[in-house]
Amino acid sequence: MQKLFSLLILMLISSMGFAQSSYYTLIQGGGNLGLRNPGYEGTFNGYSLHFIFGKNFDDKAYLGLGIGNETLKGDYSKSGEVANTDGRKSKYDRNLFPIFIDARLPVKDFGQASRIGFLANAGYSASIGPVYDKGFMGKAGVFYLFDSLSKTKFTVSATYAYQQLHGSFYTSNFDHQHLNLSVGIMLK
């Protein structure tokens with residue numbers, strides 16, 4: 001984990017050294033609000049932290065590679081399961097390590113420094129340890145970018161997320177859906 005953190009810091013420092021703004025770095029954190037968990041009663045809530053580095057196409061589009069860490073927690077039971085009629089629920093408390101493609105497309109400028117647009121992420125969460133689940137992930141949503149004159153920009157995003165949760169030691173596999181609200185800093 002220390003090597004990964006060192007690599008992130010190195011990428012961040014190297015991205016600041018470019019004289020032109022053809023690259024961007026995004027650091028964002030937010031919360032996950034569980035919406036649906038097909039086949040199960042109960043959803044999972046949590047938080048996320050993502051680091052994205054990519055290409056800035058003249059502020060008309062952004063395409064990057066991201067990594068992150070997410071935590072999901074909650075109670076669940078199998079839908080219609082007779083064994084759980086006494087109200088017993090199982091606990092879910094797992095982490096995710098997503099590696100994903102980040103695409104952002106600004107569609108509307110308003111004011112002197114504000115723009116909104118669409119974003120999409122697609123990738124895979126790797127099982128890097130016993131408390132990490134694996135599986136495909138996809139997100140789609142909208143973002144707001146406060147594009148100030150300084151190098152540091154502020155962004156807010158809201159996405160609808162689909163995440164497969166395949167545990168290493170659990171027999172239950174989930175197709176979890178949640179809403180992610182994130183705030184971040186974009187350097188370009």
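Scanning segment 36-47 for residues that are part of a strand (DSSP E or B) and out of contact with any Leu (no Cβ under 8 Å at 6 or more places or on another chain), which turns out least open to solvent (accessible area, probe 1.4 Å)?
Selected residue: Y40.
Evaluate segment 74-83: report whether one residue or more is open to solvent by less than 30 Å² (accessible area, probe 1.4 Å), in contact with a Gly (Cβ under 7 Å, 6 or more places away or on another chain), modelled with pLDDT of 95 or more and small (G, A, S).
No, because not a single residue in segment 74-83 is open to solvent by less than 30 Å² (accessible area, probe 1.4 Å), in contact with a Gly (Cβ under 7 Å, 6 or more places away or on another chain), modelled with pLDDT of 95 or more and small (G, A, S).
Pairs, please: C-beta under 6 Å, at least 6 apart or cross-chain, first residue open to solvent by less than 10 Å² (accessible area, probe 1.4 Å) and in segment 21-35, second among the hydroxyl-bearing types (S, T, Y) and not in a strand (DSSP E or B)?
Sorted first by the residue in segment 21-35, then by its partner, the pairs are T25/S15.
Report every pair of residues separated by at least 6 positions or lying on different chains whose Cβ atoms are under 6 Å apart, first residue within segment 42-54 and modelled with pLDDT under 95, second open to solvent by less than 10 Å² (accessible area, probe 1.4 Å) and in a loop (DSSP other than H, G, I, E, B).
Within 6 Å, the pairs are T43/N37.
The values are calculated or read from the model by the stated rules, or taken from the named source; none is laboratory data. In this text the structure is predicted, and so the values were computed from the model without any measurement. No Cβ is skipped: glycine too gets one built from the backbone with ideal geometry, and neighbour counts run over all protein chains shown. Keep in mind that these areas ignore ligands, DNA and RNA; they rest on the heavy atoms of the full protein, side chains included. Shrake-Rupley method; radii C 1.70, N 1.55, O 1.52, S 1.80 Å.
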